[in-house]
1. What ranking of 117, 148, 57 emerges when the number of other C-beta atoms within 10 Å of each C-beta is taken as an exposure proxy, fewest first?
2. For the range 6-24, list residues with backbone N below 18 Å from a point placed 7 Å from the Cα of residue 79 toward its Cβ?
3. Restricting the calculation to Cα positions, tell me the Rg (one decimal) and the Dmax (whole number) of the chain in Å.
4. Determine, for 53, 73, the number of other Cβ atoms within 10 Å of each Cβ, and report the residues in order from fewest to most.
5. In Å and on Cα atoms, what radius of gyration and Dmax does the range 1-44 show?
6. Using only Cα atoms, locate the centre of the range 120-180 and the centre of the range 42-81, then give the distance between them in Å, rounded to an integer.
7. Full-extension gain between residue 66 and residue 120, please, as 0.36 nm times their residue separation minus the C-alpha to C-alpha distance.
8. Please check which bits of the range 46-73 a label hung off residue 100 would reach, taking the label as a point 7 Å along Cα-to-C-beta and the cut-off as backbone N under 16 Å.
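Every number here is computed from the coordinates shown, using simple stated rules; none is lab data. Everything numeric here is computed off the predicted structure, so don't read it as measured data. Here Cβ is always computed from backbone atoms with ideal geometry, including for glycine, and neighbour counts include all displayed protein chains.
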């Protein structure tokens, strides 16, 4: 089992944090993982993406030219990464910031209004975890417990109070993906 994923969007959307959550959770659940961040010099509003690999065997390369799954939280990321998605791959796209579509019929696009749903939860910063839940519901790259474990690493100390809300966002994403 090898999952090659790219998470992409603007800086400040929690893109790199999504990758860390998944990677920490994978390690805690005895899986091999790699997390490679990439971002522009801006702290907010610039481009941001990360490549995450998860496997039950050693990972030969931490990079991929053709991911099997992607999360795109904005239009530039949709334009850049959907063409690279492997045939049969899955893309979760944030419909609130992605207005275009693709003519690819060999991939699955899951449209989620991540920003709108996150605002309804009371915290726009949970949008990424909504998308993450939707992707994991379709792809099943880690157990839900691994996500909770990953959140525990990323939101430790004073930030631990954010874990329940982020798990709620993650579960909402899973529900949205099931409803289709």
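1. 57, 148, 117
2. Hits in the range 6-24 for residue 79 at 18 Å: 8-11.
3. Both quantities, over Cα of the chain: 14.8, 45 Å.
4. In increasing order of surrounding Cβ atoms, one gets 53, 73.
5. Answer for the range 1-44, Rg first and Dmax second: 11.7, 36 Å.
6. If we compute the Cα centre of each part, the gap is 18 Å.
7. 16.0 nm
8. 72-73
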